[in-house]
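Presented below is the structure to which this report refers.
Any read-out appearing in this document is the output of simple, stated calculations on the displayed coordinates, not a laboratory observation. Note that the coordinates shown come from a computational prediction; the quantities given were computed from them, not determined experimentally. No Cβ is skipped: glycine too gets one built from the backbone with ideal geometry, and neighbour counts run over all protein chains shown.
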Amino acid sequence: MKLFKAKKGIHIPGKKDGTAKLSSIEFLSPEYVYIPLSVKGTDFDVLVKPGDIVKLGQKIAQRSKGKGLPLVKHASISGEVVNIKERKMHSSGLPYVCIQIKNDFKDTLVEVTPVSNLDKVENSQLLEIIKEAGIVGLGGAGFPTFLKYGNVKDIDTVILNGAECEPYLTSDYRIMLEQTDRVIDGLVILMKLANAKKGIIAIKKGKKEVYKQLLDGASKFNNISVVEIPDEFPAGWERQVVYRTLKRSYENFPFECGVILNNVSTSVAVSKAVRDGLPLVERFVTVSGEGIIRPQNYRVRIGTLSTDLIKLSEGLADDMGELRIVTGGPMMGTSLKTEEFVVTSELSGILALPGEHKYETPHNKPVGDVILDVLHFSEHDDRFFMRDEQPCVRCGNCVKYCPAGIQPTLIRSASIAKDEIMLDKLDVSKCISCGTCSYVCPSHIQVSEAVKKGKAYHAAKNRNKK
Amino acid sequence: MTKIQVGSHPHIHSGNSTHKYMLDLPITTYSMAIVAILIQFLFVTIYLGASFSEGIIVAIQAALVIFTGVFSCIAAESIWNRYVNKEYNDFSGWFRSMATTYPSITGMLYALSLPIGTPLYIVIIGGFVAIIIGKSIFGGVGNNIFNPALVGRAFITIAYATALGKAVDYTGLIQTTDAIASASPLVKAAQEGALLSYESFKNIYGSVWKLFFGFYPSALGESLSFWIILSFIYLSIKKTIDWFVPVIYIGLVFVMVWVVALVNNLGTPLSEPFTLQTLGLYLPIFHILTGGLLFGAVFMATEPVTSPITRRGRALFAVYLAVITFAIRILGNLPEGVLYSILFMNLFVPIMDRFYMGQTKGIKRKEIILWIFTLLVAAGVTAYAATSLGGVS
């Protein structure tokens, strides 16, 4: 009955060639950095004041309220604190309160206590190091890593997720290629933390260079393996990685089936925090998309402005009409109002993608042109996407490719009708907002937007009930 | 300065469109219309002994029926969109309206399901009913409950039963005394009783290849089995249709009719030299190649708007289509069951969607119960048909 199961994903053209083959460029000396705290900024204890001189890696803020305590922020350059209430756009699309630091271009390091022998330290000490280094998930969710390893029991496998299923993004690919030893070292540390016997690095099929290099690196350890997962979207989703590497499934969190997942860049950050004592101050960012003149991967300090990176890539194309500035991948990323925002720890890519146009019926044109226009023979232009929304013909593509196995188009109609009972029956809460339904829709309907609204409506109604 | 656009994710699109998706149907059906006209000409000149000029008359008549069918559907859609929906007022608007509501595809499917002798005024009435009653009053593309082409066909079948009964008759068009010329095979089979013996099958139709290439009186497109199979392969490879729907539908009809043939000892045992009569194979082949089964299964049962949205639902849909078609053909009074089985099952699409609602996670218990029930129904209908239909007529 495999035929009638919902497909686990869809192959999306990667468009990674532009950046995957270029080695990353270091950009570690921005003039100013902005360390983002939060939208209001009141839930952080700021440990510095304007005029203070800070060193690279110095603790400058600590979260005192809310979930995930204590989340620590560090200065990612050395220099003088200019302002502690600067407002800058965050990569999530909201203005955040930031600490602005002026660079003195010396990179004076704080005192560090590297750990060279893992056997001599306790797990609790390691956890404290990771907590103090302020390491969060670098894949995109930004979940504090120490919480995952807080009270582990019955964990037998740690999986490093290097699938990177979003098109355009190659930062994880480059990090695996350039810092293979760090990736594996981080995995060893994480395995020790979780008391896990097995370590798995999951990468996409067809990346031979990385596969070979990871195998070479892992050959020193007999309990680390490299697993290839299919080149599909969303193969990098936690559930799918766990299912495709171990054939296990779980209800809410991966630790239920004895697995902890981390991104490969998180592993590198953990390795740096433990071996060098260096907190989370830098990350890899892909700057790519059709609207970027010279796509490239960068190793940057957290808090760098995106405009600096776009300038390094020779700017945005100005012959393409409207562009979309997207943080993250093109499938799940957010499109921002400005091109100036702060590089945060969650940001894996800055993309400038061609905008879309509403279709307009051609008037006063020769008959031949009208026919060609209406039949969309001019549609396949890489520089823009013509959105010609038409009624749903129930082709079933969204149902076929939905990775969560729900029926997006039925949810869409229930969402428009605000039918709460129907939404509940259709399991709307299982939606992961991956955007596959809008991507495949031949009628160019924004299915995922309607589903998102339905999900929010359903969640609000359920909250009221409780 | 570059302008920045804000929009919701995803920011890319696969680039497929309903136009591309719908373009495959004209490719297969419009070529089929040309083949149909050609086969009509060859059929009357080779098998019915008509002269060349009579053959041309038949070909022109076939072309007229097809043209009128398509034209009436486009006219109906144009009138509705112009005066009821007020969608357009110039050529480009009209063309876009026609390109996004697809009356040409509905019209061609409708025209190909008509027999050659259908009076043209009936063709026009059927076309208007197909578009307006079948689709437009429900709200246009994507909102229709029934397959529009079949609504038009069913309407004229019932309303003009006498005129359409004579429509497969070539005797009005050409001078012939051939027994084959006056009625479609399924009608003849129904006259002879449901269990057609191998002798009468062979006496009337000669070889199975005649059925395969459409050299027998029937609706214009429905008889072209070879072309429909080619279309099926093309559409399946392009993923325009779900290949398993026609396969389940036709395969199950084949199995059920074969069981009837086996139980009634219509065939010869395996020990004898292999012919079509071996194990009664000719009966299921006859049932698949004649009538609208292939045509309906490939072009009508797979129409996305009027079939369930989940793949499992579509499989179940195909199974019930097969059961109803079999029941109407073998047990009922009507010679042809495909038309009504598809219309009947279109009614159940919302129920099937409702059944498969929610996350598909493994196979649910109620699903197993439903499948067991379905297969029991199929087995029960087959068993009843096989035992109740007496001996060879």
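Below are the figures for this structure:
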| item | result |
| --- | --- |
| Förster-model FRET efficiency, 25 Å R0, residue B:369 and residue B:279, C-beta, rounded to 0.05 | 0.15 |
| Axial C-alpha extent at least 18 Å, average Kyte-Doolittle at least 1.0 - helices from chain A (DSSP) | A:180-194 |
| Residue B:158/residue B:199 FRET efficiency (R0 41 Å; Cβ-Cβ; nearest 0.05) | 0.75 |
| Ranking of A:290, A:111, B:77 by count of other Cβ atoms within 10 Å, fewest first | A:111, A:290, B:77 |
| Relative contact order computed over region A:389-466 (Cα-Cα under 8 Å; 6+ residues apart), in percent | 37 percent |
| Under the span-like rule (Cα at least 20 Å along the axis, Kyte-Doolittle mean at least 0.5), DSSP H helices of chain B | B:18-42, B:52-79, B:244-263, B:311-326, B:365-388 |
| MRE, 222 nm, helices only [DSSP H, n ≥ 4, -39500 (n - 2.57), over chain B, to nearest 500] | -17500 deg cm²/dmol |
| Kirkwood-based Rg to Rh ratio, region A:194-239, C-alpha trace | 1.01 |
| Neighbour-count order for A:189, B:174, fewest beta carbons within 10 angstrom listed first | B:174, A:189 |
| Of the trypsin sites (Lys or Arg not before Pro) in region A:85-171, those whose Cβ has at most 15 other Cβ within 10 Å and which sit in DSSP loop | A:106, A:153 |
| Tensor-based shape of the protein assembly as shown (alpha-carbon gyration tensor, a/c under 1.5 rounded, otherwise prolate or oblate) | prolate |
| Spin-label model distance (nm) - residue A:231 vs residue A:461, 7 Å beyond Cα toward Cβ | 4.3 nm |
| Least to most buried among A:436, A:266 (fewest other Cβ within 10 Å first) | A:266, A:436 |
| Simple label model, 7 Å out from Cα along Cβ direction - residue A:102 to residue A:369, nm | 5.7 nm |
| Reference-scaled alpha-carbon Rg (2.2 N^0.38 Å with N residues) for region A:35-139 | 1.16 |
| Reduced Cα scattering model of region B:1-57, Debye log10 I(q)/I(0), q = 0.13 Å⁻¹ | -0.59 |
| Cα lying deepest toward the dipole's positive end in region A:389-466, options A:392, A:429, A:408, charges on Cβ | A:429 |
| Average beta-carbon neighbours from other chains, 10 Å sphere, peptide A:324-334 | 4 |
| Residue mean of other protein chain beta carbons inside 10 Å, A:435-442 | 5 |
| Distance histogram in 10 Å bins (all Cα pairs of region A:389-466, percent per bin) | 22, 54, 21, 3 |
| Cα gyration tensor shape of chain B, rounded if a/c is under 1.5, else prolate or oblate by comparing a/b with b/c | oblate |
| The protein assembly as shown: antiparallel DSSP beta bridges as a percent of all, rounded to 5 | 60 percent |
| Mean Cα-pair separation over length for chain A, i.e. relative contact order, pairs under 8 Å, 6 or more apart, % | 17 percent |
| Relative contact order, percent, chain B [alpha-carbon distance under 8 Å, six or more residues apart] | 16 percent |
| Two-site label geometry, residue B:207 and residue A:147: point separation in nm, points 7 Å out along Cα→Cβ | 7.6 nm |
| Summed residue charge, Cβ within 15 Å of residue A:95's Cβ, Lys/Arg positive, Asp/Glu negative | +2 |
| Translational D in µm²/s for region A:270-388 (Stokes-Einstein at 20 °C, 1.002 mPa s, Kirkwood Rh from C-alpha pairs) | 130 µm²/s |
| Cα centroid of region B:86-148 to Cα centroid of region A:390-456, whole Å | 29 Å |
| Distance between region A:91-157 and region A:188-245 - C-alpha centres, whole angstrom | 22 Å |
| Kirkwood Rh (inverse of mean 1/r, distinct Cα pairs), region B:1-120, angstrom | 17.3 Å |
| Rounded, prolate or oblate (a/c below 1.5 giving rounded, otherwise prolate when a/b exceeds b/c) for region B:185-388 by Cα gyration tensor | prolate |
| D_trans [Stokes-Einstein, Kirkwood Rh over alpha-carbon pairs] for chain A, 20 °C, 1.002 mPa s, µm² s⁻¹ | 90 µm²/s |
